[in-house]
Amino acid sequence: MAQDLFQAPDYFQLDDLLTEEHKLIRDSAREWVKRDISPIIEEACQKAEFPHQIVKGLAEVGAFGAYIPEQYGGAGLDQISYGLIMQELERGDSGVRSTASVQTSLVMYPIYKYGNEEQRMKYLPKLASGEFIGCFGLTEPDHGSNPSGMVTNFKDMGDHYLLNGAKMWISNAPFADIAVVWAKNEEGRIHGLIVERDMEGFSTPTTHNKWSLRASSTGELIFDNVKVPKENLLPNKSGLGGPLGCLDSARYGIAWGAIGAAMDCYDTALRYSKERIQFEKPIASFQLQQKKLAEMITEITKAQLLTWRLGTLRNEDRATSAQISMAKRNNVDMALKIAREARQVLGAMGITGEYSIMRHMMNLESVITYEGTHDIHLLITGLDITGIAAFK
Ligand code: TGC
Ligand code: FAD
């Protein structure tokens, strides 16, 4: 990739809404991305390899457990700080942000929120430091948007549980040390279980041939009569609300993350348009290109305001799941449209790995699908405003 010359757009002076601490946290994540992600990410994506060397840095910038209390190894930060870290990581690459989202919101959060004190002390500090990497198993081959139909199940065998089934499309699965797995008990009630890599009958085959999110490792989780110790059941929550509660937190982080990808595409296109000469003029001087750039900064600014407000509501514990869905849906769609427009501003150069835009665009095709598809989030808004569920 060409040198990282990123300059963050802040058209409505939103920095004024941030505290000094927010800015410090944001800037340290931004610097880390510039120094440790930008130089290596293109090659990692081309090779479809997760760059394991970044795990330590992710832990150091507070990306693992940003809002988890310090007593468990987390950074004890507020929701805006968490969002800003996600924004900066995804400015680098959605796959990097994905790794952090899964670790914080889908693995540490359920252990913190639904686990007991022994489970918190056993797993959270190691997850915060990056000594352990976790994954989250909800989606199954036949149950994606409709996780309540899941067939993965466990039976009470007296001194342990016996887990059977399969999960698919699981980020971090191929190398995760632990998996938070959602499965039904004999009464059909959904519970979370912590499955450890070395448990007999547990395997994690890698998913190959992705054109998207190539720097993030994806795989399956296969449970063939896995004996799970009883102390690995998360005791404080059951039902679909368990995994959906984790998704609220992860979707919130994605709403911020998508802004990062959009900012990078916009910034790249703006710089290129001022340097690229056609018809003896910079292409930025043509109205058609200005329209693209002006619309991009308008959409980014709207998304920034939406997300900042959502963060303040979350800090006050007032944000609803439906508000989070709206922000995730709007911001990812916004970022994907900007990536497509920005790619065109670069002409043929836009399709190369010299620039980050095509990589962002491909990544965002996953981001618009995972954590609830674009359609599902629209239906969540529809349900919220009409009171009528149109899923079924
Ligand atoms: P429904 O009857 O509406 O709800 C069942 C129970 O859950 C409660 N609930 C929530 N709780 C917390 N947060 C939310 N957002 C919640 N939404 C619903 C609800 O109150 C109810 O509780 P209770 O106590 O009455 O049982 O459920 P439904 O079966 O009709 O489904 C609703 C629907 C379609 C919206 C939901 O299933 C859904 O969101 N589907 C999308 C699935 C999804 O997002 N999967 C994501 C998998 S993980 C992933 O993609 C990680 S990518 C990671 C990365 O790399 O970044
Ligand atoms: P489907 O549910 O089969 O949907 C197919 C299409 O039908 C979509 O367009 C959808 O919007 C539409 N559709 C479905 N239901 C309705 C309806 N009621 N009304 C209208 N339209 C509908 N999952 C995890 O559990 N953990 C992970 O870590 C994880 N990581 C992922 C990483 C990647 C790279 C990807 C691509 C996915 C990951 N997922 C993960 C899975 C992801 O959450 C699912 O792909 C997603 O929820 C959609 O499920 P599906 O792919 O089965 O699509």
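Tabulated results
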{"item": "Every pair of residues 6+ apart whose Cβ atoms lie under 7 Å, when the first sits in the range 358-379 and is farther than 18 Å from ILE259 by Cα while the second is within 6 Å of ligand 2 (Cβ to nearest atom) and in a loop (DSSP other than H, G, I, E, B)", "result": "ILE376/SER145; LEU379/PHE391"}
{"item": "Breaking point among (1) under 21 Å from THR352 (Cβ atoms); (2) at pLDDT 95 or above, for GLY76", "result": "(1)"}
{"item": "Test: residue in the range 250-262 that is closer than 19 Å to GLN87 by Cα, among the basic types (Lys, Arg) and within 16 Å of ligand 1 (Cβ to nearest atom)", "result": "yes"}
{"item": "Any hit, the range 365-379, residues being more than 24 Å from the chain's Cα centre (by Cα) and more than 10 Å from ligand 1 (Cβ to nearest atom)", "result": "no"}
{"item": "Where PHE202 falls short, out of the listed (1) free of Cβ contacts under 8 Å to residues at least 60 places away in the same chain; (2) within 12 Å of ligand 2 (Cβ to nearest atom); (3) surrounded by 17 or more Cβ atoms within 10 Å (Cβ to Cβ)", "result": "(2)"}
{"item": "Pair list, Cβ < 6 Å and 6+ apart or interchain, from the range 311-328 residues that are without any contact (Cβ under 8 Å) to a residue 24 or more places away in the chain to residues that are within 16 Å of ligand 2 (Cβ to nearest atom) and part of a helix (DSSP H, G or I)", "result": "none"}
{"item": "One residue from ARG251, ARG271 being in a helix (DSSP H, G or I) and surrounded by fewer than 22 Cβ atoms within 10 Å (Cβ to Cβ)", "result": "ARG271"}
{"item": "Cross-chain or 6+ apart pairs with Cβ under 7 Å, the range 329-345 first and over 11 Å from GLY260 (Cα atoms), then of a type in the set (S, T, N, Q)", "result": "ALA342/THR268; VAL345/SER273; VAL345/GLN289"}
{"item": "Set ALA327, ALA335, ALA342: member being surrounded by 22 or more Cβ atoms within 10 Å (Cβ to Cβ), modelled with pLDDT of 95 or more, closer than 29 Å to ILE283 by Cβ and within 16 Å of ligand 1 (Cβ to nearest atom)", "result": "ALA335"}
{"item": "The range 145-164, residues that are in contact (Cβ under 8 Å) with a residue 60 or more places away in the chain and within 16 Å of ligand 1 (Cβ to nearest atom)", "result": "SER145, ASN146, PRO147, SER148, THR152"}
{"item": "Yes/no for ARG120 being of a type outside the set (A, V, I, L, M), under 30 Å from ASP4 (Cα atoms) and either within 16 Å of ligand 2 (Cβ to nearest atom) or not in a loop (DSSP other than H, G, I, E, B) (or both)", "result": "no"}
{"item": "Criterion: at negative phi and within 12 Å of ligand 1 (Cβ to nearest atom) - qualifying residue of LYS167, LYS184", "result": "LYS167"}
{"item": "Meets criteria (free of Cβ contacts under 8 Å to residues at least 24 places away in the same chain and surrounded by fewer than 17 Cβ atoms within 10 Å (Cβ to Cβ)) for THR352", "result": "yes"}
{"item": "Test: residue in the range 345-354 that is within 14 Å of ligand 1 (Cβ to nearest atom) and either of a type outside the set (Gly, Ala, Ser) or in contact with a helix residue (DSSP H, G or I) (Cβ under 6 Å, 6 or more places away or on another chain) (or both)", "result": "no"}
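Conditions tested, residue by residue: (1) closer than 25 Å to THR206 by Cα; (2) surrounded by fewer than 20 Cβ atoms within 10 Å (Cβ to Cβ); (3) away from ligand 1 (no atom under 12 Å from the Cβ).
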{"position": "VAL96", "(1), (2), (3)": "yes, no, no"}
{"position": "ASN116", "(1), (2), (3)": "no, yes, yes"}
{"position": "LYS122", "(1), (2), (3)": "no, yes, yes"}
{"position": "ASP142", "(1), (2), (3)": "yes, yes, yes"}
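The values are calculated or read from the model by the stated rules, or taken from the named source; none is laboratory data. None of these values were measured; they are calculated from a predicted model. Counting neighbours? That spans all protein chains shown, and the Cβs are built from the backbone with ideal geometry, glycine included.
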